[in-house]
1. Let me know the whole percent of all Cα-Cα pairs from the range 716-821 that are separated by more than 16 Å.
2. With the Cα gyration tensor of the range 210-322 giving a ≥ b ≥ c as the square roots of its eigenvalues, does the rule (a/c under 1.5 for rounded; else a/b larger than b/c for prolate; else oblate) give rounded, prolate or oblate?
3. Give the Debye-formula value of log10 I(q)/I(0) at each listed q (0.15, 0.23, 0.25, 0.30 Å⁻¹), with one equal scatterer per alpha carbon of the range 322-367, two decimals each.
4. Using the scaling law 2.2 N^0.38 Å as the reference, what is the normalised Cα Rg of the range 2-200?
5. Can you give the extra length, in nm with one decimal, that the chain gains between residue 553 and residue 520 once fully stretched, where that is 0.36 nm per residue apart less the Cα-Cα distance?
6. Determine, from the Cβ-Cβ distance of residue 259 and residue 725 and an R0 of 35 Å, the FRET efficiency 1/(1 + (r/R0)^6), rounded to the nearest 0.05.
7. Could you work out Rg/(2.2 N^0.38 Å) for the range 840-945, with Rg from alpha carbons only?
8. If you take the square roots of the eigenvalues of the alpha-carbon gyration tensor of the range 97-140 and sort them as a ≥ b ≥ c, do you get rounded (a/c under 1.5), prolate (a/b over b/c) or oblate?
């Protein structure tokens, strides 16, 4: 019966369709390999359906191919659908018969409907529900019924009566079944992938945290230990699991050595986050002590109950070492200050905060306590109070160092005064801003200065700048110092006499590194820039000098001397170096430091750390306010926050916020803010730390805690916690409740025996295996609340909670998979038949040995199956090198995408070679699996076609003419390189553009209409374009445009072959201009020659004038020859002889005219006259020929008597006849008078007769017959 046959056919297709899930597992449907594999699978399934169809009659069959192809296209996309449709179409055509066209039409229609629904589904316009699948199957079946009208007419009615009910009832149902099976596979696959991702995410998060992490349950027993925790404690996770935290995490106080209370106990009891005290040491398992910092936080469930604790700690060994180093540095610094020979003190709030012993000595006090807390200003003379106030403002408000020493008079405890000089830099001392002040006793120097002043008064007429070295050095007449003042001794150490004695001393004392400055110095008459040099003093010390030299020139401009002043700036340079060092400390800080106005909030200063971290320049920052860097604040909210500082309620603010860089990125910061007054101006000092990393760790830790807390309760997988001793279920998650159908409380009251269908004895053995970790995966059958039984896959592991063993079980519903595996086994035999009848070669190798192959391979190679089984695959390859090359490429592709596709060559049994496409994959997931499945397709014909195509492509690419290919609308699809070279347009610039971009505007619309009319009618158009290139240049192109027609006679493209003839056209135009010019010249020269001939005949006695005329004629002929050499060359022979005769006669007349007789002269005159007449006639002939070629002969007709005209012509020609020729003219005209151009007719007839006479044999007869035809 048809129903039974079709249902059987549909059942087979339904079973085979389930294989797509297996293929999708190995080759994802989103990849090209997956799409190809699915296409081949469904194509083969369609072929199998056509192998076991319902036969209505010979050649008319019914099967389920429309379902297979439509489902394949809908669920796996157009690529898979197209492959399956293509395979099915080929096979249906192969089967032939009267229903072949209908069969192929059904296949195409199924593919197109599937493509439409696939597109709508991808755009979210439809949802693949059961109802939609049924409607989809109904549409495909209805279209199939409509296409039955294409069957031979005599079978249409029978077909409708036979299959309509079956097709319209069962086909949609089978469509729903196959679609739901595949869709559920997609959903199950996605569920498993999501579960694996979430699991790996949680594990990766826990085990990749930079800090050590220990997780304990609510009893304080360890459940997790990450690698950093293993490293710091010395315990591996396996040994530590279930151990009390106090055993693994032992901590003591670094100084007291007393065991520190474990923070976890406090967390569990109070439910709060607890941190470790400072100076805590962790005792490693091997006894080593590691300084750590940690915190412990509770883990709570959704109800707020504590279910465990997370302990996070880190190794502080490096931090502690840095802290000790800092303390040691501070001790060294304090020791240095205490033992410094120079007085040093620290001021905070304009009061003494610290004095070193040297400072106590200078103020004459016994110890620093006598001045600590007292105002600084009281210890200095009142004349200097304003200066001191100003300098303290710079220190305390501006936070700037003052490296320049200031001379002051200090007051001592005994009432005496002492001269000192001071400098300083701002510092923070005991959490208060202040300044470190350096003093120097300059009493002795002041006394010396006073004495020097008195001395200067005595000798100021000689040296007004006595503290500086004043000198004069002469180059002529004798080289050396001629004057040096006494400052030379103080500055250089050398006496004045030593300067006078050694003329090179001024150069010797210059430091070697600075001598180039002198050598490169260009002496000019006006040198204003000071020169800074280092001098080596006599005692070897270095003195910095600043010199100003004045060159002295004589009247001839020659340098004869140098006068200069040198100042010792050693102290200044030392102070500048110290200032630079202190500023560098501030600038080099990695933290951000700002100063900004309290009223405008605009920045006044930012250090290098701030500039580098924010990305702004200092100039940009000075145009910004503090709020511009803080996106979380506006002006109002920021002023509200800093109001406690402005009101004096607080002297410091510390807060966390976010800063925004110039690039737009954000980072977390902690801000330390203080307010200072400077000259009645309030300035904020901001010290900022980047805490981005700390914030990131805090956020990640919080997320990790939340995920771990909900891992069990909210996990989508079914989870059970089972008492290993009683087999009772002690806990279950919501997923378990949904799966089993019991509430969580109901599940907690059940034993695992009530759910698991395995006999208790066997189940107890499985539980024991799980407890002993001998087995963690089990296959069971579980009973649900509704009485149904499901196949499940259970993963169980033992956990220790409160000293009691439990089984943590994760249950997966694998009913569908088990059912699928059963069906897979049942259909294995049918797959074997697919293997046998596949249209491509299929084989299996193990370690390159052929173990299985289908008939197609034997057909391709010429071997029998028996000859190939057991043979090495190298039998097919031309050589071992090619085999290894193919194997290397294949395994690389398999590792990358799971499947390999390689083109190579095989050798047939008869020695012939064939091109093949080899596709292969390993049976196991490992890419180096020895078991390989391969398919092979003979592509010899395709490779031959490709090679021919390459040859033709190269010919087009390298063609010296332009080639353009357009679509039927004239849009460019391809141009060759010569097109780019000629037009200047690149391929990218013209693709999809119309060739009208080349239009010059010189051609009319009818020109293009004619062109399109021809090519659209399938004809080729040949013509010339005047086009325009990209740069506007006009070019001429000779073109052939032809349509490209497919086998159906449809125009699919147009091809234009064009040659650039711009140069050719230009040459033709130039040649034309030459011709016209030559004609004009010839015509002019002809008139000139006629005039010369007349003058020559009239003035034969005027020898000199004749000679001049001849020279002019020859000159004119030479000009003609230069203008058109090529043209003259063709007639040069005709001109050369008469010209030579003419020249000879004229020269002879010139030379012998006085000696010759009149008869002899007349002979030569006659010869000249005859030659000139001949030349005139010859030029007329040339002019006539030229005009005839260019079609510019002017016709001037007039009424003339025929007899009279030909009598004159006869007389002209008779004069040239000899006795050896005879001329006869016969006139047979009805009309006596005719309307013709006398000159042209006479010239033509004369030329004809002359040539006839010239080229006829001696004694010949020349006959001219004049007749009229049709009264013309």
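1. Tail of P(r) above 16 Å: 55 percent of Cα pairs.
2. The shape class here is prolate.
3. -0.46, -0.81, -0.88, -1.01
4. Ratio of Rg to 2.2 N^0.38 Å for the range 2-200: 1.02.
5. 10.0 nm is the gain from fully extending residue 553 to residue 520.
6. That pair, residue 259 with residue 725, gives E of 0.50.
7. With N residues counted in the range 840-945, Rg over 2.2 N^0.38 Å equals 1.00.
8. It is oblate, given that a/c is not under 1.5 and a/b is not larger than b/c.
Coordinate-derived values only; no laboratory data. A quick note: this is a predicted structure, and the numbers were derived from the prediction, not measured. Glycine also receives a Cβ, built like all others from the backbone with ideal geometry; neighbour counts cover every protein chain displayed.
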